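As structure tokens, the structure follows; a few thoughts come after it.
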Amino acid sequence: MKLAFANEGLTVKIKNISGGLNIKKRLEEIGILPGKTITILKSGPGPVLVRLDNRKIGLGFGEAMKIDVE
């Protein structure tokens with residue numbers, strides 16, 4: 001499932017990140033990596049807010065569509 005469509009309150013594991021090098025590098029720099037576990041605080045449409053390692057991270061809907069979670 002795409003991160004953009006995950007339900008609020010759900011804790012998910014990042015499976016895969018699709019897209020070009022720039023988006024993958026940006027997400028890697030903020031800690032969004034395959035294998036990491038995140039909690040959905042606010043889901044789309046619109047910006048997606050997640051919790052990762054006690055940090056809140058905001059992602060654009062387009063970015064969240066490139067992240068596969070389970």
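The values are calculated or read from the model by the stated rules, or taken from the named source; none is laboratory data. The shown structure was predicted, so the numbers you read here are calculated from the model rather than taken from an experiment. Don't worry about glycine lacking a Cβ; one is built from the backbone with ideal geometry, like all the others, and counts go over all protein chains shown. All accessible areas refer to the heavy atoms of the entire protein, side chains included, with ligands and DNA or RNA removed. Shrake-Rupley method; radii C 1.70, N 1.55, O 1.52, S 1.80 Å.
Tabulated values for the structure
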{"item": "Candidate set from the stretch 41-64 (those that are closer than 17 Å to Gly31 by Cα and of a type in the set (A, V, I, L, M, F, W, C)); member that is nearest to the chain's Cα centre (by Cα)", "result": "Ala64"}
{"item": "Residue, least open to solvent (accessible area, probe 1.4 Å), within the stretch 43-56, restricted to residues that are at pLDDT 95 or above and over 14 Å from Ala6 (Cβ atoms)", "result": "Arg55"}
{"item": "Evaluation of Pro34 against (1) open to solvent by 40 Å² or more (accessible area, probe 1.4 Å); (2) in contact with a Leu (Cβ under 6 Å, 6 or more places away or on another chain); (3) not in a strand (DSSP E or B) (one fails), failing number", "result": "(2)"}
{"item": "Pairs with Cβ under 9 Å, 6+ apart, first in the stretch 17-32 and farther than 16 Å from Gly62 by Cβ, second open to solvent by 80 Å² or more (accessible area, probe 1.4 Å)", "result": "Gly31/Asp53; Gly31/Arg55"}
{"item": "First in the stretch 48-70 and without any contact (Cβ under 8 Å) to a residue 24 or more places away in the chain, second anywhere and hydrophobic (A, V, I, L, M, F, W, C) and open to solvent by less than 20 Å² (accessible area, probe 1.4 Å), Cβ under 6 Å, 6 or more apart", "result": "Leu52/Ile38"}
{"item": "Every residue from the stretch 57-70 that is in a strand (DSSP E or B) and open to solvent by less than 40 Å² (accessible area, probe 1.4 Å)", "result": "Ile57, Leu59, Ile67, Asp68, Val69"}
{"item": "All positions within the stretch 6-20 that are over 14 Å from Ala64 (Cβ atoms) and either surrounded by 12 or more Cβ atoms within 10 Å (Cβ to Cβ) or at pLDDT 95 or above (or both)", "result": "Gly9, Thr11, Lys13"}
